[in-house]
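The values are calculated or read from the model by the stated rules, or taken from the named source; none is laboratory data. Treat the numbers as computed from the prediction; the structure is a model and nothing was measured. Every residue, glycine among them, receives a Cβ derived from its backbone with ideal geometry; neighbour counts consider all protein chains shown. The accessibility values were calculated without ligands, DNA or RNA, using every heavy atom of the protein model including side chains. Shrake-Rupley method; radii C 1.70, N 1.55, O 1.52, S 1.80 Å.
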Amino acid sequence: MKRIPALAALACLALTAACGSSGGSGSGDPDPNAVLRYTTSAGATSFDPHKTVAASDFIVLNLVYDRLVHQDAQGQPVPGLAESWEFSDDFKTLTFHLREGLSFEDGTPFDAEAAKANLDRAREPDSISASLLSAVDSVDVVDPATVKLNLNSPGVHLVLTLSDLAGMMVSPKAFATPDAAKALATDSDGIGRFTLAEADPGSHYVFEAVKDYWDKDALKLGGLEFSVATDPQTNLNAVSSDQADCALVSPAMIAPAEQIPGATTRARTVLTQTVLYFNQTKSEFDDPLVRRAINLAIDRDAILEGAQEGKGEASQGLFPSDYFVSNDPVADLVTYNQDEARDLLKQAGLEKGFSFTAVTLTIPQFVTTAEIIKAQLAEIGIDMEIKALPPADMGVNFLKGTGDAVITAWTGRPDPSMLFSAYFDEAAPQNVSHVEPEGFDEALAAANAIEETAARGDALAAVQKVVLEAGAVVPVTFNQVGTVCNDRVTGYEPTVVGISEFRGVGMTD
Amino acid sequence: MSVLPTTRTVVESPRRRFVRRFTGPWANRFALLVLLVWLVAAVAAPWLAPYDPLVQDIDARRLAPLSDGHLLGTDALGRDTLSRLLYGARVAGLAAITSVGVGLLGGLVPALLAGLLRGWWDAVFSRIADALLSFPPLLLALAIVGVMGPNLTNAMLAIGVVFVPRFYRVVRAATLAVREETFIEASRSIGTPTAWILRRHVLPNVLSPLAVQISLAFGFAILAESSLSFLGLGVQPPDPSWGSMLSEGRAAWFYTPWPVIVPTVTVVLTVLACNVVGDGLSDSVGREKGRA
């Protein structure tokens, strides 16, 4: 007799579980006061979108700073703080029509003057976006709700460029004085879905939802807690023990994440890629033959298997294979070929090999990638020493001259021209060697003068060829990444760019 | 008909008595055996290891123990676990010897001086030791490695620094006990130089407690090196250390548990052996207690 209630309870439980997991995400209306707890592998190095040195800060900063242009899940431009925009016929002026009636966190109204001040600041030489905006000659205020960008060359790429750090709008008051600008590094002052309530820089951030946010569909949460743990297993454990609602899932963690009961994993191959990038002023890397040799000495399939459990794609160029920019023109520059690699080293006078130090992240995927690369380079006589540093220090240290090369992730960028400008334009702060491949400027300018997608893809493929013929980088793998969320979380969709903005994500009770 | 007195009580030398007492319990013998096996493994790793510990074979990833040609299986990159374990023993042994060496170098002489001479020697050295002791040992090692940069040498130095105050305390206490003995007083009264007294009379008498401390320190050093390497602050990849093997295994725990189990059992067994030997030593030196 006693068994019956127990059985009934069990049946109820099974039913509830079945209902809860159907569809993979929560049912019912999202609770507007819910706080989503997200755990991931890196925080922000600065809350100043223009003067930061890390492109990956976008991952945190998009929560507190809206951009002129936003992106949809497919990486296409959609209206943000600008309601619409248009190019002149020659693509040499770009006009933005701004959303009206908005104000910054500190109460300053958002208007064309504020937008101009931000665009000017994003073009200052010490801005991370300066090289991305080099096509902009000047910014004019047409009326309080219209800004016009006067360009020195056609700027088709600028729309998506302004959906990244470059297009983030900061209250002009927050950078009016040098002291204020310094404070911006630790506290945001923008227009966004959230405001920063509390921060342990690099480890934990608490965000509160903004009342009366302009885009009701994008904000269904009362707040967001953002925690950082470099160990991917720790992040997964946080979800399975209900200490987090969502966690970043890196390639090797997709299979374990899919086993978490009551949670759904959504991942896709994204534009975020693993690369080996040289400091061309160090070791033997001033010689393009050496850089090209390394490109040919890497067996990318082995890395995909060994470091990413086969999740993602072995790079055949700087873009995934189904992307609108083709990798065909560079196939023979990145296809594994040890004999040719040895030949190139011989031509460079280094048949006996050489040694260098590669810095990488302390995240397991990158350490493993580095270990495999080390073993592969050893086969052509190159001795690579690995130095693993925490994510918070690694990028900054490499830019300061630590290591001869870096094995890292380049976060996905919505427009290919951004990747090119950020790492190969000689003026770009992230271009550690400040060396530019020959013919790079011309090739990129040509691509940015074409609006039609297929033709622009061909032109961008030509830029890629210029870059890889100079061996300026070793593309390694594309990552399959995404998020595992418990089933109370609704509306999450992984983006092709690879960054989870959590727009429109909510939580049911 | 009695055969008194027994020969044993009459002729047993201190050394023989020590050996008899130490090798009595089976646990001591077993622990000693474990340590000897690792000593041989560490010294002879290049000849014993069936494979190069760094050579990867992506086609033979994550083989279970007893797989074809791999007694303890392979890790996520297809490297032979047994070979890595043997080379890891070198790292563990080297770390233990170096850090204990650093600890002795920094702790022994100040302790002898402080114990024998007392006065301001004692005051100064003891306060420094107190300051060092007030840090949690692993945290102190982490801080030192954090400042000096992650590699094996720095990790060993850091652990050595952790040992300095511990050796200091033990040796100083033993010296304090010895200095009151009449033979020291006699030696001083005829004007023997302090250095001679220390070397000839004090040092031999503090060796017993020191030996116990050293064997315990070996265990801690192996554990600390593993911990630092686990955290990526000791041996740098791809070189094998038990700690880094554990950390690499843990990253792929979902796919196979063996790369975690093997180094874990190794570390536990080895540290346990060090501690058992330490306890055995402390039971076997000095006067016989509680025996008829």
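Points to keep in mind about this one:
- Restricting attention to the stretch B:21-38 and to residues that are out of contact with any helix residue (DSSP H, G or I) (no Cβ under 7 Å at 6 or more places or on another chain) and open to solvent by 70 Å² or more (accessible area, probe 1.4 Å), the residue that is farthest from B:ILE222 (Cα to Cα) turns out to be B:TRP26.
- Residues located in the stretch B:15-56, provided they are of a type in the set (Phe, Trp, Tyr) and either touching a Gly at 6+ places or on another chain (Cβ under 6 Å) or in a loop (DSSP other than H, G, I, E, B) (or both): B:PHE22, B:TYR51
- In the set A:LEU132, A:LEU149, only one residue is touching a helix residue (DSSP H, G or I) at 6+ places or on another chain (Cβ under 6 Å) and surrounded by 22 or more Cβ atoms within 10 Å (Cβ to Cβ); that residue is A:LEU132.
- B:ALA174 vs. criteria small (Gly, Ala, Ser), out of contact with any helix residue (DSSP H, G or I) (no Cβ under 9 Å at 6 or more places or on another chain) and part of a helix (DSSP H, G or I): no
- Among residues of the stretch A:388-399 that are farther than 14 Å from A:THR357 by Cα and within 11 Å of another protein chain (Cβ to nearest Cβ), those with a Cβ under 6 angstrom from a residue that is of a type outside the set (D, E, K, R) and open to solvent by 20 Å² or more (accessible area, probe 1.4 Å), sequence gap 6+ or separate chain, pair up as A:PRO390/A:THR362.
- Selection from the stretch B:40-71 of residues that are more than 14 Å from every other protein chain (Cβ to nearest Cβ), on the phi < 0 side of the Ramachandran plot, open to solvent by 60 Å² or more (accessible area, probe 1.4 Å) and of a type in the set (A, V, I, L, M): B:VAL40, B:VAL43, B:LEU48, B:LEU71
- Residues located in the stretch A:160-170, provided they are open to solvent by less than 10 Å² (accessible area, probe 1.4 Å) and part of a helix (DSSP H, G or I): A:THR161, A:LEU165, A:ALA166, A:GLY167
- Among the residues making up the stretch A:31-52, those that are within 11 Å of A:LEU221 (Cα to Cα) and assigned to a loop (DSSP other than H, G, I, E, B) are A:ASP31, A:PRO32, A:ASN33, A:ALA34.
- Conditions (1) assigned to a helix (DSSP H, G or I); (2) buried (at least 20 other Cβ atoms within 10 Å of the Cβ); (3) at pLDDT below 90; (4) not charged (D, E, K, R); number of the one not met by A:ALA17: (2)
- Which listed residue, of A:GLU113, A:GLU100, is open to solvent by 20 Å² or more (accessible area, probe 1.4 Å) and part of a helix (DSSP H, G or I): A:GLU113
- For the stretch A:44-61, residues that are in contact with a helix residue (DSSP H, G or I) (Cβ under 6 Å, 6 or more places away or on another chain) and at pLDDT 95 or above total 2.
- Test result for A:ASP126, open to solvent by 10 Å² or more (accessible area, probe 1.4 Å), assigned to a helix (DSSP H, G or I) and out of contact with any Asp or Glu (no Cβ under 6 Å at 6 or more places or on another chain): no
- Verdict on A:SER203 being touching a strand residue (DSSP E or B) at 6+ places or on another chain (Cβ under 9 Å) and surrounded by fewer than 21 Cβ atoms within 10 Å (Cβ to Cβ): yes
- Residues of the stretch A:376-387 satisfying the condition of being small (Gly, Ala, Ser) and either within 12 Å of chain B (Cβ to nearest Cβ) or crowded, with 21+ Cβ neighbours inside 10 Å (or both): A:ALA378
- Listing of helices (runs of 4 or more DSSP H) fully contained in the stretch A:284-372 that carry 3 or more residues being surrounded by 19 or more Cβ atoms within 10 Å (Cβ to Cβ): A:288-297, A:300-308, A:338-347
- 2 or more residues open to solvent by 80 Å² or more (accessible area, probe 1.4 Å) and within 14 Å of chain A (Cβ to nearest Cβ): qualifying helices (runs of 4 or more DSSP H) within the stretch B:180-292: none
- Test: residue in the stretch A:459-473 that is free of Cβ contacts under 8 Å to residues at least 40 places away in the same chain and either open to solvent by 10 Å² or more (accessible area, probe 1.4 Å) or not hydrophobic (A, V, I, L, M, F, W, C) (or both): yes
- Among the residues of the stretch B:95-110, none qualifies, meaning not one is within 14 Å of chain A (Cβ to nearest Cβ), buried (at least 20 other Cβ atoms within 10 Å of the Cβ) and more than 20 Å from the chain's Cα centre (by Cα).
- Any hit, the stretch A:21-36, residues being modelled with pLDDT of 90 or more and open to solvent by less than 10 Å² (accessible area, probe 1.4 Å): yes
- Residue, farthest from the other protein chains (Cβ to nearest Cβ), within the stretch A:267-276, restricted to residues that are surrounded by fewer than 24 Cβ atoms within 10 Å (Cβ to Cβ) and at pLDDT 95 or above: A:VAL275
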